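The values are calculated or read from the model by the stated rules, or taken from the named source; none is laboratory data. Note that this is a predicted model, so its numbers are computed, not measured. Cβ sites come from the backbone with ideal geometry, for glycine too, and all protein chains shown count toward neighbours.
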Amino acid sequence: MPPIDLLSAETFPDSVKDLAEVLADAVDGGASMGFLAPFGHDDAAAWWQAQAPAVADGSLLVWACRAPESTGGIVGTVSLALARKPNGRHRAEVLKLAVHRAARGRGLARALLATAESAARAAGVTLLMLDTVTGSPAEYVYLADGWARYGIVPDYAAAPDGSLEDCSFFYKRLTQARG
């Protein structure tokens, strides 16, 4: 399994180019990641650059899965947004789980998700939330990993091509890390 590293405020800016490649590839492949086509590398890089303040203040944790040295680059990513409200500090949201199409089928999505879950536990988070397109391959990853779907909203978001898609909302209760 390639290494999965938490990006710090210092390492994040140098990773934006590769993170943008993964995000642009996901959207180009039809993933509903919050963007409409056309959505290129420059658009993806601008979005990631806008996340730098949240990475710097610790409210957004971003992990990168790097390809073996021979091929370089980031091939997958996942983010964890920690709740800022005082009454919600026990929860967080999993965001932007994406694996480059050239690297899929190797268990990277599950490894990235497990990394985010482990970090959430260590941070005292006991409830994780996320959403994904109903019927998508990602939905099956979450279901297989013990996430509970608590609802489906029809026509919730537009796919990159502009067509409306149903969205499934999930949660997962975590137990505290033992120390």
All positions within segment 1-36 that are surrounded by 17 or more Cβ atoms within 10 Å (Cβ to Cβ), of a type in the set (Gly, Ala, Ser) and within 20 Å of residue 54 (Cα to Cα): 15, 20
Which of the numbered conditions does residue 77 fail, given that it passes all the others? Conditions: (1) without any contact (Cβ under 8 Å) to a residue 40 or more places away in the chain; (2) in contact with a strand residue (DSSP E or B) (Cβ under 8 Å, 6 or more places away or on another chain); (3) of a type outside the set (D, E, K, R). (1)
Given the conditions (1) in contact with a Pro (Cβ under 8 Å, 6 or more places away or on another chain); (2) farther than 14 Å from residue 79 by Cα, which single one is not true for residue 52? (2)
Flagged pairs (Cβ under 8 angstrom, 6 or more apart or on separate chains; first in segment 100-115, touching a residue at least 12 places away in the same chain (Cβ under 8 Å) and closer than 19 Å to residue 139 by Cβ; second among the hydroxyl-bearing types (Ser, Thr, Tyr) and in a helix (DSSP H, G or I)) are 113/142
Which ranges mark the helices (runs of 4 or more DSSP H) fully within segment 1-107 that have 1 or more residues being within 27 Å of residue 172 (Cα to Cα), more than 16 Å from the chain's Cα centre (by Cα) and not hydroxyl-bearing (Ser, Thr, Tyr)? 52-57
Do you know which of the residues in segment 136-174 that are of a type in the set (Gly, Ala, Ser) and assigned to a strand (DSSP E or B) is farthest from residue 80 (Cα to Cα)? 158
With respect to residue 127, determine if the residue is touching a residue at least 40 places away in the same chain (Cβ under 8 Å), in contact with a strand residue (DSSP E or B) (Cβ under 7 Å, 6 or more places away or on another chain) and within 19 Å of residue 61 (Cα to Cα). yes
Residue under question is residue 92, and the condition is that it be touching a helix residue (DSSP H, G or I) at 6+ places or on another chain (Cβ under 7 Å), closer than 25 Å to residue 143 by Cβ and small (Gly, Ala, Ser); does it hold? yes
In segment 87-135, which residues are polar (S, T, N, Q) and either surrounded by fewer than 21 Cβ atoms within 10 Å (Cβ to Cβ) or modelled with pLDDT under 95 (or both)? 87, 115, 118, 126, 134
